[in-house]
Amino acid sequence: MGGVYGRADGRRYRRARHLRDHRRGVVSVVGTLLALLVFFALFGVFLTQYVPLWMTDNESQFTAQAQVSFADLKSNIDTQVALGSPPVFATPFVMASEGIPLIAQPTSAIMNFVPSQPGVYANVSVSRGPGGGGPFFQNFTLGTLQLQLPNRYYSSETFEYEDDAVIMSQSDTHQILAYPPPLTINVTGTHTGVTLVLLQLYGNATQTVSTGSQEVYSHFISTQSFTSTSAAPFTARFQIGTHYPCAWSTFLSSTLANSGIGAAHYTLTPSTCTAAGGFAHQVRLNFSSLNSFTLVLAQFSIVVGVGVE
């Protein structure tokens, strides 16, 4: 009898041990699953909250770098116009934002240089030509340098350099001339004078997509100046064809309002922000009573990526 009980006790002992081993295995699996759930929850928070904030900061910095590069390009060209030298300036452009390793790719920019584009031009006409001659009339191709930033987390931005103006655009009606061209309106008593600078950009049409940086070289060609003066008032017209009429009309309207010139002595069409709808539009500024008008025409060759032509 005692031996039977011993075997029964042994069997009961072995069953209890197997149950405890099984419970330990269940606890390990549950613990692993809970650890994975915690990891995926934290990883989900990282992807949905931290990554957008990180990339927004990266693309914001990228946009600011692009703005600084265009400001440097304009400053370099203005220096070359004023001094007639140096013959070549190089301006670096960062072409991609920072990314997040293994998580988010950098945002790459697209750079386009177009020396001649349909509908993009400047036109100047003066009823009294330089030196007291007959009417002066001239049409100019401008050339544009554009940088598109297709930001995914920060606001998408387009920068364009045309006629010595840096335009920042987010849409047809969200545009500004961040760095305007030289346009001086001087009113002294009954004397009104205007000085206008036009910038022509030549070179080979170029499109660049890069993850690094890109050099833009401005090669100085020439500067010409035409001045008309008269004691008797004469008329002048400045007309620009552009894909950014909202930026140009807003800038010109603000410049005229702050110049002191009488509203009866000019007309601006359009005088308020006008959506382009993807097409080139005309912005016209007519002066009806001037005593002096100076046109400065600067010509440059633009090379993207290589410093020689």
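All but one of (1) within 19 Å of THR294 (Cβ to Cβ); (2) in a strand (DSSP E or B); (3) open to solvent by less than 40 Å² (accessible area, probe 1.4 Å) hold for MET111; which doesn't?
Here MET111 meets the rest and fails (1).
Taking only pairs six or more apart or across chains, which ones have beta-carbon atoms under 8 Å, a first residue in the range 80-91 that is assigned to a strand (DSSP E or B), and a second residue that is of a type in the set (Val, Ile, Thr) and surrounded by 12 or more Cβ atoms within 10 Å (Cβ to Cβ)?
Between residues of the range 80-91 that are assigned to a strand (DSSP E or B) and residues that are of a type in the set (Val, Ile, Thr) and surrounded by 12 or more Cβ atoms within 10 Å (Cβ to Cβ), the close pairs are PHE89/ILE77; PHE89/THR79; ALA90/VAL216; THR91/VAL216.
Please go through the range 256-280 and give me each residue that is closer than 19 Å to LEU142 by Cβ and open to solvent by less than 30 Å² (accessible area, probe 1.4 Å), ordered by number.
ALA276, the sole residue that qualifies.
Going through PHE93, PHE70 one at a time, which residue ends up being modelled with pLDDT of 95 or more and in contact with a Ser or Thr (Cβ under 7 Å, 6 or more places away or on another chain)?
Sole residue among the options that is modelled with pLDDT of 95 or more and in contact with a Ser or Thr (Cβ under 7 Å, 6 or more places away or on another chain): PHE93.
Kindly list, by first and then second residue, each pair from a residue in the range 170-198 that is in contact (Cβ under 8 Å) with a residue 24 or more places away in the chain and within 18 Å of LEU73 (Cα to Cα) to a residue that is part of a loop (DSSP other than H, G, I, E, B) and open to solvent by 30 Å² or more (accessible area, probe 1.4 Å), limited to pairs with Cβ atoms under 6 Å and residues at least 6 apart or on different chains.
From residues that are in contact (Cβ under 8 Å) with a residue 24 or more places away in the chain and within 18 Å of LEU73 (Cα to Cα), the pairs are VAL197/PRO182.
Could you tell me whether ALA236 is out of contact with any Cys (no Cβ under 9 Å at 6 or more places or on another chain), open to solvent by less than 60 Å² (accessible area, probe 1.4 Å) and assigned to a strand (DSSP E or B)?
The answer is yes for ALA236.
Go through the range 49-63 residue by residue and tally those that are of a type outside the set (Val, Ile, Thr), open to solvent by 10 Å² or more (accessible area, probe 1.4 Å) and in contact (Cβ under 8 Å) with a residue 24 or more places away in the chain.
So the count comes out to 5.
Could you say which residue among GLN138, GLN117 is outside any strand (DSSP E or B), more than 13 Å from the chain's Cα centre (by Cα) and at pLDDT below 95?
On inspection, the qualifying residue turns out to be GLN117.
Output yes when any residue across the range 95-106 is closer than 26 Å to LEU183 by Cα and open to solvent by less than 30 Å² (accessible area, probe 1.4 Å), and no when none is.
No: zero hits.
The values are calculated or read from the model by the stated rules, or taken from the named source; none is laboratory data. Just so you know, these numbers come straight off a predicted model, no measurement behind them. Here the Cβ is made from the backbone with ideal geometry for all residues, glycine too, and neighbour counts use every protein chain on show. Keep in mind that these areas ignore ligands, DNA and RNA; they rest on the heavy atoms of the full protein, side chains included. Shrake-Rupley method; radii C 1.70, N 1.55, O 1.52, S 1.80 Å.
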